[in-house]
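Here's the structure we're looking at; comments come further down.
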Amino acid sequence: MANVGDPRLAAGREVAAYLEALFVPGACLGVRADDPLTSVTVVGVEEVTTIRVPSGRLIVDSPWSEEAGREIVARIPPGTYPVEAAWTEAPYEHGGEQFDGRECAATRLRVSDDPVVVWEAGIGVNDDIGDAEIAAAGFYSDSDATGAIADAEAWEALTAPFHRFLQAAASWGGSGGDRDTADLCDGWFEKSTDDDLKADLVAFDVAEGWSPVWIGRSRAGTVASIIVPGQMATSPLA
């Protein structure tokens, strides 16, 4: 298992500033990649739902993955925590129509209200700390472009609805029917619950391909928040 506290894991100044700005209403995160005159601005922060983490161990990975799930090294006290979304807007025109360009810039598990003094890469328990790419530690999401966060000990049960959907889709020729999950925020988020295990999973949109996971630590070294950036028109983390 890799150890936390390694200076190689610390986010650089530019990335740290970006992570700090993500959940600040009014903050400008950059400009649209296809229109450098249009700013991407944080327009709101919303609590999407809460998530139960009875073991204090977390997996942050694609819920569609057939692997065991990427457990991160960082630990949090067992409990129930808010999951928040940072919303941005970057207006644009297409086909003669105006659109607000609303996106979910990032998803955050807010563990405490303690100020974050350092951001570090969210390394996994099986990551090689000597890897030159460790600062971009995260998970891979294929064309589904979905990430999820859940209690590590309940991951298999909580991702079961996603895998049943895939199996049904394969059997029925492309349509998997309904999943036993709850849609939140007009489909931007999805929640899977297991009351026997008293645990939840929250799924959210990410950029297709590699998604970094960032851990915000307080001055005392405890985990204050966990952030996964979303899919945006522009981002220094892309």
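The values are calculated or read from the model by the stated rules, or taken from the named source; none is laboratory data. On a predicted model such as this, the values are computed, not experimentally measured, just so you know. Here Cβ is always computed from backbone atoms with ideal geometry, including for glycine, and neighbour counts include all displayed protein chains. Quick note on the areas: whole protein, heavy atoms, side chains included, nothing else; ligands and nucleic acids left out. Shrake-Rupley method; radii C 1.70, N 1.55, O 1.52, S 1.80 Å.
Being at pLDDT 95 or above, aliphatic (A, V, I, L, M) and either farther than 21 Å from Gly230 by Cα or crowded, with 17+ Cβ neighbours inside 10 Å (or both) narrows it down to one residue among Val206, Val125, Val202; which is it? Even if it seems obvious, please write down each step before you answer.
Working: Val206 fails: at pLDDT 95 or above; Val125 fails: at pLDDT 95 or above.
Every option except Val202 fails the conditions.
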**Fill in**
Apart from one, (1) of a type outside the set (A, V, I, L, M); (2) assigned to a strand (DSSP E or B); (3) open to solvent by less than 50 Å² (accessible area, probe 1.4 Å); (4) modelled with pLDDT of 95 or more all hold for Trp155; the odd one out is (2)
**Item:** Among the residues listed as Glu67, Glu20, the single one being without any contact (Cβ under 8 Å) to a residue 12 or more places away in the chain and either closer than 28 Å to Asp144 by Cα or open to solvent by less than 30 Å² (accessible area, probe 1.4 Å) (or both)
**Value:** Glu67
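Output the residues belonging to segment 181-217 that are part of a strand (DSSP E or B) and of a type in the set (S, T, N, Q). Step through it out loud before you land on a result.
Of segment 181-217, the ones part of a strand (DSSP E or B) are 182-184, 189-194, 199-205, 209-212, 214-217.
If the condition is that a residue be part of a strand (DSSP E or B) and of a type in the set (S, T, N, Q), then Ser192, Thr193, Ser211 are the ones that fit.
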**Message:** Return the residues of segment 50-64 that are more than 18 Å from Trp210 (Cβ to Cβ) and open to solvent by less than 10 Å² (accessible area, probe 1.4 Å); say none if nothing qualifies.
**Reply:** Ile51, Val53, Gly56, Leu58
**Prompt:** Could we say that Val73 is open to solvent by 50 Å² or more (accessible area, probe 1.4 Å), at pLDDT 90 or above and aliphatic (A, V, I, L, M) here?
**Reply:** no
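Only one residue in Val43, Val4, Val24 is modelled with pLDDT under 90, among the hydrophobic types (A, V, I, L, M, F, W, C) and touching a strand residue (DSSP E or B) at 6+ places or on another chain (Cβ under 7 Å), so which one is that? It would help to see each step written out before you state the result.
Details: Val43 fails: modelled with pLDDT under 90; Val24 fails: modelled with pLDDT under 90.
Exactly one of Val43, Val4, Val24 is modelled with pLDDT under 90, among the hydrophobic types (A, V, I, L, M, F, W, C) and touching a strand residue (DSSP E or B) at 6+ places or on another chain (Cβ under 7 Å), namely Val4.
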**Message:** Given the condition surrounded by 15 or more Cβ atoms within 10 Å (Cβ to Cβ), on the phi > 0 side of the Ramachandran plot and either at pLDDT 90 or above or out of contact with any strand residue (DSSP E or B) (no Cβ under 8 Å at 6 or more places or on another chain) (or both), answer yes or no: does some residue in segment 81-96 qualify?
**Reply:** no
